[in-house]
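Before any comments, here is the structure.
What follows is calculated from the coordinates using simple rules that are stated; it is not laboratory data. Since we're looking at a predicted model, the values are computed, not measured. Neighbour counts are summed over all protein chains in view; Cβ atoms, including those assigned to glycine, are modelled from backbone coordinates with ideal geometry.
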Amino acid sequence: MKILWFPRLQFDISKLHITTWREMCIELEGMGCEVRIAIAGKDSNNIFGRDYVQIFLIKKKYLRILSFWIFGYIKFLYTYFVYKPDVVILDIYSVWFSIPFAIISQIRSLFIVDNRTPFYNLKLNKFSIKDKIMKFYTKLSYWYSRLFLDGLTVITNYYKHQICKSLKFDSSLIGVWGSGVNTDQFSPQSHADDNRPSFLKGKFVLMQHGDMSYNRGLFETIEAVRMIDKEDIILVLIGDGKAKNEILKQIKKHGLERKIYILPPVRHFEIPAYISYCNCAIMAYPNIEYWNNNNPIKLLEYLAMGKVVICTDMWTFRDVAGNKKCSYYIKNNNPETIAKAINYFYKNKKFLKEWGKEGVDIIKQEFTWHNQAKKLIDFIEQLQDVKIIKYKKVKGKK
């Protein structure tokens with residue numbers, strides 16, 4: 001099976017997200033598929049680490065998406081006719097590349113639109129004008145996909161249910177493949193002998209890594225740590241983002257430099273070592289539609305490393321960890337609620353290693369990249385069978 005994949009990935013922006021497509025390409029090829037994937041920009045830091053279809057990108061506001069549509073479309077058409085794929089996977093930005101093929105659906109490749117998560121309600125419970133525009137655009141993309149293309153894939157069953165309900169989408173035409181973990185890389189055994197840096201020794205270490213944005217409960221978590229009067233409890237944040245400077249100001253304002261440490265971003269293969277240093281991970285995300293429709297890869301990475309996680313009581317977290325002791329669900333992400341959860345794990349720290357084993361089992365059974373790739377392949381084969389049946393019916397009528 002030959003797969004041509006055109007997501008809107010950008011080397012200078014999607015550094016962390018590229019992990020998903022790199023791992024999926026590896027697993028799909030291990031299953032006998034041939035995959036060509038497009039990424040905008042140049043892989044100067046060897047983030048992707050493999051061949052890709054390069055799309056020229058103008059790195060200026062408003063010109064990014066325009067240049068992606070223009071140069072991406074040209075590159076898509078050229079690659080399509082040269083490569084002759086069995087399956088084309090687009091996203092809601094590149095979905096329009098399929099328009100010339102919509103009218104010849106009986107003889108073209110299988111066309112699927114993959115949208116990991118909604119691009120709206122990223123910050124607040126109340127929708128902004130941008131949220132409303134993106135929600136309309138997303139629905140327009142789905143409507144087009146339902147009428148003219150072969151199927152759709154999303155990241156969770158929760159999101160699939162919403163789409164089926166709101167857009168009357170046939171559930172059999174929506175596949176689900178979620179986030180995953182490379183369990184060879186994220187393994188407690190591989191980092192059992194790692195020594196903590198000196199500033200972490202003898203401490204109860206809390207951790208969160210990734211994008212420092214305003215919708216991940218970081219400010220509330222910092223306030224919770226400030227409220228706890230225990231010198232050996234510290235918080236480590238790893239990453240960068242729009243909220244970083246404001247976070248630094250909050251730390252300095254309250255004199256928390258010895259309780260909260262911000263480390264610069266590290267390469268993805270280094271993350272397991274840093275996770276091994278912590279006692280507990282925190283994901284006190286706000287309960288908004290964006291996160292409820294998501295399947296955060298960080299949660300899976302923490303669990304794969306045998307770490308317990310404090311997380312908000314919403315579908316996306318419960319769907320992964322259920323009622324296992326590796327997770328502690330907070331009803332909201334108020335600082336007082338977070339502080340209570342931290343104290344719970346602190347008081348039970350002698351049990352955390354045992355509780356964390358439940359998370360390792362969950363990941364190995366359900367959330368490896370191999371499992372996610374298999375879900376995608378199974379869905380593609382299902383759609384191919386449907387397409388063959390439809391084609392035979394049309395031929396029979398003629």
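Laid out as a table, the results:
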read-out	value
Distance histogram for the chain (every C-alpha pair counted, 20 angstrom bins, percent rounded to whole numbers)	26, 55, 18, 1
Residue pairs, from the table K132/K357; K132/K168; K84/K374; K135/K375, whose Cα atoms sit over 30 Å apart	K132/K357
Amide hydrogen neighbours beyond the local backbone of D114, cut-off 5 Å, H modeled	L90, D91, T153
14 Å beta-carbon shell around D91, net charge (K/R +1, D/E -1)	+1
Percent of alpha-carbon pairs separated by more than 27 Å within segment 189-366	18
Segment 20-91: chymotrypsin sites (Phe, Trp or Tyr not before Pro) in DSSP loop, at most 12 other beta carbons within 10 Å	Y62
Low-density loop cleavage sites - trypsin sites (Lys or Arg not before Pro) in segment 234-285, where at most 12 other Cβ are within 10 Å (DSSP)	K242, R258, R267
Using alpha-carbon coordinates, inclination of helix 218-227 to the longest axis of the chain, degrees	10
Mean ellipticity per residue at 222 nm, deg cm²/dmol - from DSSP H runs of n ≥ 4 across the chain, formula -39500 (n - 2.57)	-13500 deg cm²/dmol
Rounded FRET efficiency, nearest 0.05, which uses the C-beta distance separating I103 from D193 and R0 of 45 Å	0.15
Protection proxy ranking, peptides 130-138, 190-198, 282-290, average beta carbon neighbours within 10 Å, highest first	282-290, 130-138, 190-198
With Cα atoms, 0 to 90° folded angle of helix 335-347 axis to the chain main axis	70
Whole-angstrom gap from segment 319-343 to segment 126-181, using each part's C-alpha centre	29
Equivalent ellipsoid dimensions for segment 331-387 as semi-axes, Å, which come from the Cα gyration tensor, largest first	40, 17, 6
Within segment 365-380: backbone nitrogen closer than 20 Å to the M1 label point (7 Å, Cα to C-beta)	366-380
